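K.L.:
Starting off with a structure, shown below.
The values are calculated or read from the model by the stated rules, or taken from the named source; none is laboratory data. Please read these numbers as outputs of a predicted model, since none were measured by experiment. Cβ atoms come from the backbone with ideal geometry, glycine included; neighbour counts cover every protein chain shown. Just the protein is used for accessible areas: all its heavy atoms, side chains included, with ligands, DNA and RNA removed. Shrake-Rupley method; radii C 1.70, N 1.55, O 1.52, S 1.80 Å.
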Amino acid sequence: ALGRRVACGTDYGTVRYVGSVSRTAGIWLGVEWDDPQRGKHDGSYEGTQYFKCRHPKGGSFIRPNKANFGVDFLTAVKDRYGLNDEQDVQCGTGSTVVFGTKTVEFVGMDSVAEQQRQVQLNKLVDISVRECAVSHAGQEEEISRTCANMRHINLSKNLISSWETVVAIASQVQNLETLNVSENKMRFPSTSTFTSSAFPNLKILALNQTEITWTEVLLCAQGWPVLEELYLSSNNITVLERPDNVLQTLKLLDLSDNQLLDGNQLHLIAQLPRLEQLILRNTGISSIHFPDAGFGCKTKMFPSLKRLAINDNKISQWLSINELDKLPSLRALQCNNNPFMDTEKNPETLKQLIIAKISQLEVLNNCEILPAERRGAELDYRKIFGKDWLEAGGHWNPEKNKPNEEFLAAHPRYPTLCLKYGAPEEGELKRQQPLTLKNQLLTLTIKCPEKPEQKPVEKKLPESMTIQKVKGLLYRLFKIPGSDLKLSYRSSKLEGKEVELDNDLKPLQFYSIESGDCVLVRW
């Protein structure tokens, strides 16, 4: 049949023509290959167009006996797990045994072997028949009789031509929870008349590289009442639609490697009530905007979203990062390989800017954000943009503090940081002096609060000195091994707050320590 999937060696394709070809005898199959390099032409031969291909050299003709049309599901399972009849013969499960000179026949051995196979098949819970040339379900109800306990099925990269085949298999697996049918280029239902009750317990579904459209997703989703994870990468999905009354239980959605028309497409899926993780890697989006919320406010969109991946995109403006602070539940972000990251050469500074701009973030690009790191990032952000704040109408007097809208659009969290740490003092806003060694030295007081007999010591230390090296210096002062020392510091500007210096590999400047601060030593 036209549209049927076939394999020839390691190559996969779709039958586009069945019939004769001029000046040749017999029947030919016109195949459009998944890999265009396997083909020879666009479906035409000697001036006659027999079928059409998307690629000018994506097609060729083969004889039917060269094509693998696939096997049914159970045959593939038995072959994969060594439970077919041929292997029983090879393993010596015959019905006769020789004792000396006598041959004894065991009646019913074939039925015993079949019963053993049935028992073994019924024990299978997690089944993978990836690349086993599965093309159809097989005899009706045969799967339900023999594999009643299956819960997880991997059907990826087979010869499945239509979604109906998937339904025919799944409808016989009552407790199916996980299904992977990726890398099967198949036809999906295109009208709302299609309904299926084959997936009542399905929680995880992978449809990567299946050429499904978003419209087809929504039509099929009527049969996925409890689905929690949906993987749709590499499907050429460009336009989204609002999922009314479907996908309402979805917690994870992967749309990576689909070139979305624009970032506003996301608004159409923003009301999924339980969506916790959204993967948008390499989707071509250049901006993110939540128009329903103003500066410093939270959006009503994506109410449950905790983890967002927007790496490998075209986001060039920091305004999109500002917008992410509007997401009420966001805790983890992946954003590598976007043009906005090229605006800052120092990767540590870049990381601090993102942390300071998104208040609830706990994980950035798979790295945990420690409390001290957040505090340092927010204090530095407050200093770096302090002069811009003043020039935009900011003031230490709350009654006169009226930064303009342009500043607030670029730095929506700045007022919150001023409330948290106080407005930056004039001394903090002096232009940075040349980076000579003298300018990088910090004058610190070192105290031992639990050892009153130890007098405070004043030291000048480079701000680039690591905590580990500071402990080495203190060992020479107090003769206490560095591994026994616990360090913290008190800022001269934030009374009563003590910050642990808990990472030996970080420099002093990482903790935003300044001259005049006090380092506390305990052991």
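K.L.:
Pick from Ser491, Ser464: which is modelled with pLDDT under 85 and touching a Pro at 6+ places or on another chain (Cβ under 9 Å)?
P.N.:
The unique qualifying residue is Ser464.
K.L.:
Related question: Please tell me if Lys420 is open to solvent by 30 Å² or more (accessible area, probe 1.4 Å), part of a helix (DSSP H, G or I) and at pLDDT 85 or above.
P.N.:
It is true that Lys420 is open to solvent by 30 Å² or more (accessible area, probe 1.4 Å), part of a helix (DSSP H, G or I) and at pLDDT 85 or above.
K.L.:
Quick check on region 352-360. Is at least one of its residues surrounded by 20 or more Cβ atoms within 10 Å (Cβ to Cβ), modelled with pLDDT under 95 and in contact with a Cys (Cβ under 8 Å, 6 or more places away or on another chain)?
P.N.:
Among the residues of region 352-360, not one is surrounded by 20 or more Cβ atoms within 10 Å (Cβ to Cβ), modelled with pLDDT under 95 and in contact with a Cys (Cβ under 8 Å, 6 or more places away or on another chain), which makes the answer no.
K.L.:
Another question, then. Take the residues in region 325-366 that are outside any loop (DSSP other than H, G, I, E, B) and within 15 Å of the chain's Cα centre (by Cα), then tell me which one is nearest to Gly284 (Cα to Cα).
P.N.:
By that ranking, first place goes to Gln334.
K.L.:
So is Thr466 farther than 20 Å from Arg374 by Cα and open to solvent by less than 60 Å² (accessible area, probe 1.4 Å) or not?
P.N.:
For Thr466, the condition - farther than 20 Å from Arg374 by Cα and open to solvent by less than 60 Å² (accessible area, probe 1.4 Å) - is not met.
K.L.:
Right, another one. Of the conditions (1) touching a residue at least 40 places away in the same chain (Cβ under 8 Å); (2) under 13 Å from Val181 (Cβ atoms); (3) not aromatic (Phe, Trp, Tyr), Ile153 fails just one. Which one is it?
P.N.:
All conditions pass for Ile153, except number (1).
K.L.:
Within region 5-23, can you find the residues that are open to solvent by 40 Å² or more (accessible area, probe 1.4 Å) and either assigned by the TED database to the domain that holds Val166 or over 14 Å from Ala67 (Cα atoms) (or both)?
P.N.:
Listed by number, the residues that qualify are Ser20, Ser22, Arg23.
K.L.:
If you don't mind, another one. Inside region 3-29, can you point out the residues that are within 17 Å of Leu159 (Cβ to Cβ) and either of a type outside the set (A, V, I, L, M) or touching a Cys at 6+ places or on another chain (Cβ under 8 Å) (or both)?
P.N.:
Gly3, Arg4, Arg5, Cys8, Gly9, Thr10, Asp11, Tyr12, Gly13, Thr14, Arg16
K.L.:
Please name all residue pairs, on different chains or six or more residues apart, with Cβ atoms under 8 Å, provided the first residue is in region 277-288 and is in the same structural domain as Leu319 (by the TED database) and the second residue is of a type in the set (Asp, Glu) and surrounded by 17 or more Cβ atoms within 10 Å (Cβ to Cβ).
P.N.:
Ile279/Asp254; Arg281/Asp257; Arg281/Asp312; Asn282/Asp257; Asn282/Asp312; Thr283/Asp257; Ile288/Glu323
K.L.:
Report those helices (runs of 4 or more DSSP H) wholly inside region 35-129 carrying at least 3 residues which are modelled with pLDDT of 50 or more and surrounded by 10 or more Cβ atoms within 10 Å (Cβ to Cβ).
P.N.:
Qualifying helices (runs of 4 or more DSSP H): 73-80, 109-123.
K.L.:
Residues that are under 26 Å from Thr283 (Cβ atoms), open to solvent by 10 Å² or more (accessible area, probe 1.4 Å), without any contact (Cβ under 8 Å) to a residue 60 or more places away in the chain and in a loop (DSSP other than H, G, I, E, B): does region 158-171 have at least one?
P.N.:
No, because not a single residue in region 158-171 is under 26 Å from Thr283 (Cβ atoms), open to solvent by 10 Å² or more (accessible area, probe 1.4 Å), without any contact (Cβ under 8 Å) to a residue 60 or more places away in the chain and in a loop (DSSP other than H, G, I, E, B).
K.L.:
With the condition being at pLDDT 95 or above and over 16 Å from Ala170 (Cα atoms), I'd like the strands (runs of 3 or more DSSP E) fully within region 180-271 carrying at least 3 qualifying residues.
P.N.:
Hits in region 180-271: 229-231, 252-254.
K.L.:
Right, something else. For region 393-418, enumerate the residues that are within 20 Å of Gln317 (Cα to Cα) and not hydroxyl-bearing (Ser, Thr, Tyr).
P.N.:
Asn404, Glu405, Glu406, Phe407, Leu408, Ala409, Ala410, His411, Pro412, Arg413, listed by residue number.
K.L.:
Got a sec? Which strands (runs of 3 or more DSSP E) wholly within region 461-523 have at least 2 residues that are of a type in the set (Gly, Ala, Ser) and touching a residue at least 12 places away in the same chain (Cβ under 8 Å)?
P.N.:
none
Yes/no per residue for (1) hydrophobic (A, V, I, L, M, F, W, C); (2) closer than 30 Å to Ser491 by Cα; (3) in contact with a helix residue (DSSP H, G or I) (Cβ under 9 Å, 6 or more places away or on another chain); (4) open to solvent by 30 Å² or more (accessible area, probe 1.4 Å):
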residue: Asn322; (1), (2), (3), (4): no, yes, yes, no
residue: Asp325; (1), (2), (3), (4): no, yes, yes, no
residue: Leu330; (1), (2), (3), (4): yes, no, yes, no
residue: Lys345; (1), (2), (3), (4): no, yes, no, yes
residue: Val363; (1), (2), (3), (4): yes, yes, no, yes
residue: Gly376; (1), (2), (3), (4): no, yes, yes, no
residue: Phe385; (1), (2), (3), (4): yes, yes, yes, yes
residue: Phe407; (1), (2), (3), (4): yes, yes, yes, no
